[in-house]
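Below is one structure, written out as structure tokens; comments come after it.
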Amino acid sequence: MNLARRAVVLSVCTLAACAQVPQGRPSAPPVRASAPRTLSPAPVRTPVQAASAAHAAPPAPMPRAVPGMTSIGDMLRRVGAQSQAAANADEQRLRQLGAARSVEQRLHLSYLLLARPAPTVDQANQALILLGGIDHAGVDPGTRQFVRVLQRLARQTLGLAQLRAELGRANRQVADLQDKIAQIKSLEVQLQDRSKQGPER
């Protein structure tokens, strides 16, 4: 009898609590007559356990290499095996792409410009422009290092091309001076011949 009464009392209390909840809000969960539970403290992880858990977690995805060292190696082997005529054809094809060139195509064209027998100042400058901005954080370390080596090579090639251009200008100036000296000597010989012949009668 006591058990039945207790059940009725609990039911009434539950209905009263539900009636006091304003409309439009979710009702509170019914009161459960149960023994109070003791809250156990949260488990504390030791530094070793935290380190092992962090080690077990999957690593964050690395940025995708654009391009990778495999494609760069394939490009270098292809350029090394082709003739100068084929390299010139590839250079013309890559030039026609203009701003639509990918990063790998920019590397390809810059390498073709620097691998010529005697790159000019314009070609070395074009290679430097093509290599600009490629060694950013999204590129893998191997590709970034390769780009920096190409940039250093392009700067050295530019310096050599400028020296060749200056040497060519100096050689042309020397040739012009030698031509003028030869003309002056020819005039001197002619004057000497005329002086030996004496005045004309």
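The values are calculated or read from the model by the stated rules, or taken from the named source; none is laboratory data. All of these numbers come straight from a predicted model, not from anything done at the bench. Note that we place each Cβ from the backbone using ideal geometry, even for glycine, and neighbour counts take in every protein chain shown.
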In the stretch 125-156, which residues are touching a residue at least 12 places away in the same chain (Cβ under 8 Å), more than 21 Å from ALA100 (Cα to Cα) and of a type outside the set (Phe, Trp, Tyr)? ALA137, ASP140, GLY142, ARG148, LEU150, GLN151, LEU153, ALA154, ARG155
Residue match in the stretch 164-171 (condition: within 30 Å of SER71 (Cα to Cα), free of Cβ contacts under 8 Å to residues at least 24 places away in the same chain and in a helix (DSSP H, G or I)): no
Evaluate the following for ALA124: is it under 31 Å from the mean Cα position of the chain (by Cα), at pLDDT 90 or above, within 23 Å of ALA81 (Cα to Cα) and assigned to a helix (DSSP H, G or I)? yes
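Conditions tested, residue by residue: (1) touching a strand residue (DSSP E or B) at 6+ places or on another chain (Cβ under 9 Å); (2) within 24 Å of ALA115 (Cα to Cα); (3) among the polar types (S, T, N, Q).
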residue: LEU158; (1), (2), (3): no, yes, no
residue: ARG172; (1), (2), (3): no, no, no
residue: ALA175; (1), (2), (3): no, no, no
residue: SER186; (1), (2), (3): no, no, yes
ASP179 vs. criteria assigned to a loop (DSSP other than H, G, I, E, B) and either touching a residue at least 12 places away in the same chain (Cβ under 8 Å) or not aromatic (Phe, Trp, Tyr) (or both): no
If we keep only residues of the stretch 129-162 that are polar (S, T, N, Q) and buried (at least 17 other Cβ atoms within 10 Å of the Cβ), then the residue nearest to the chain's Cα centre (by Cα) is THR143
Residue check, GLN82 in contact with a Leu (Cβ under 7 Å, 6 or more places away or on another chain) and either surrounded by 10 or more Cβ atoms within 10 Å (Cβ to Cβ) or modelled with pLDDT of 85 or more (or both): no
